[in-house]
Structures are given as C-alpha cells and as structure tokens.
Amino acid sequence: MAALAGIGRDWQLESTSQSPTGLRVIVNQGRTITVADRRSLPEDWKVIDDAEGLPPLPPALLEVHRSPSLVHSAFDDFVALIDEVLQERSMEA
C-alpha cells in the first residue's frame, strides 16, 4: 500500500481475508487483486506487474512463531530447512 501511495496510484481496500480460499473467491469475482507466489497461481489468473503500472513489491518477511514451552527437535529441523531453502533462493535471485 505504501508503494502504491509512493507512486501516486489511487487504490482502495476492497476486501480482506485470512483464508486463501476467501482470497481466491474475491479475486475470481474480479473484485480485487492479491499477491501470490507465481508457482501457486491458478491457471486462469493473470500476472500483473510493472507493465500495468504497479510498483515492485518489497521483499517478503517470514516469521516463525512457537510456544516457548514447545521444545522439539523436529520443529528445530523444520525451521533450519526453511532457512536453508530461503538462503538458496536468495542466492539464485
């Protein structure tokens, strides 16, 4: 939203959803656009980018939260795997 405001592009918040299914419904109705990973886009969705006058997106932030009372080596391994994949992807970019 800050990037849109920064280029002087008018916009309005049409709808929100915490559910991926909810987002798909409102995008499929043509009422809104959303940010999604290109690998997970439904075939009938169009990718819009700077050709349509949209600014580039800032880097995404990933936060992993867990209860301080939950200590399990499998969780630690999972977090390490996520970090490894993200490090590999950042070197590819």
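How many residues, within the range 51-73, are in contact (Cβ under 8 Å) with a residue 24 or more places away in the chain, closer than 17 Å to residue 1 by Cβ and loosely packed, with under 10 Cβ neighbours inside 10 Å? Don't jump to the end; show me each part of the working.
From the range 51-73, those in contact (Cβ under 8 Å) with a residue 24 or more places away in the chain are 53-58, 62; that's our starting set.
So of that shortlist, the ones also closer than 17 Å to residue 1 by Cβ come out as 53-58.
This time we only want the ones that are loosely packed, with under 10 Cβ neighbours inside 10 Å, so: 56-58.
Residues in the range 51-73 being in contact (Cβ under 8 Å) with a residue 24 or more places away in the chain, closer than 17 Å to residue 1 by Cβ and loosely packed, with under 10 Cβ neighbours inside 10 Å: 3 in total.
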*What pairs can you find where one residue is in the range 32-50 and under 13 Å from residue 4 (Cβ atoms), the other is surrounded by 12 or more Cβ atoms within 10 Å (Cβ to Cβ), and their Cβ atoms are less than 9 Å apart, with a gap of 6+ or different chains?*
33/27; 33/54; 48/33; 48/54
*Evaluate the following for residue 55: is it on the phi < 0 side of the Ramachandran plot and in contact with a Gly (Cβ under 8 Å, 6 or more places away or on another chain)?*
yes
*Restricting the search to the range 19-59, which residues are over 25 Å from residue 89 (Cβ atoms), part of a loop (DSSP other than H, G, I, E, B) and among the charged types (D, E, K, R)?*
31, 44
*How about the range 1-18: which of its residues are exposed (fewer than 10 other Cβ atoms within 10 Å of the Cβ) and either part of a helix (DSSP H, G or I) or at pLDDT 90 or above (or both)?*
2, 6
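Looking only at the range 30-44, how many residues end up being over 22 Å from residue 59 (Cβ atoms) and surrounded by 10 or more Cβ atoms within 10 Å (Cβ to Cβ)?
Our first condition is that a residue be over 22 Å from residue 59 (Cβ atoms); within the range 30-44, this holds for 30-32, 42-44.
Imposing the further condition that a residue be surrounded by 10 or more Cβ atoms within 10 Å (Cβ to Cβ) reduces the set to 31-32.
Within the range 30-44, residues that are over 22 Å from residue 59 (Cβ atoms) and surrounded by 10 or more Cβ atoms within 10 Å (Cβ to Cβ) number 2.
The values are calculated or read from the model by the stated rules, or taken from the named source; none is laboratory data. Nothing here was measured: the structure is a model prediction, and the numbers come from that model. Don't worry about glycine lacking a Cβ; one is built from the backbone with ideal geometry, like all the others, and counts go over all protein chains shown.
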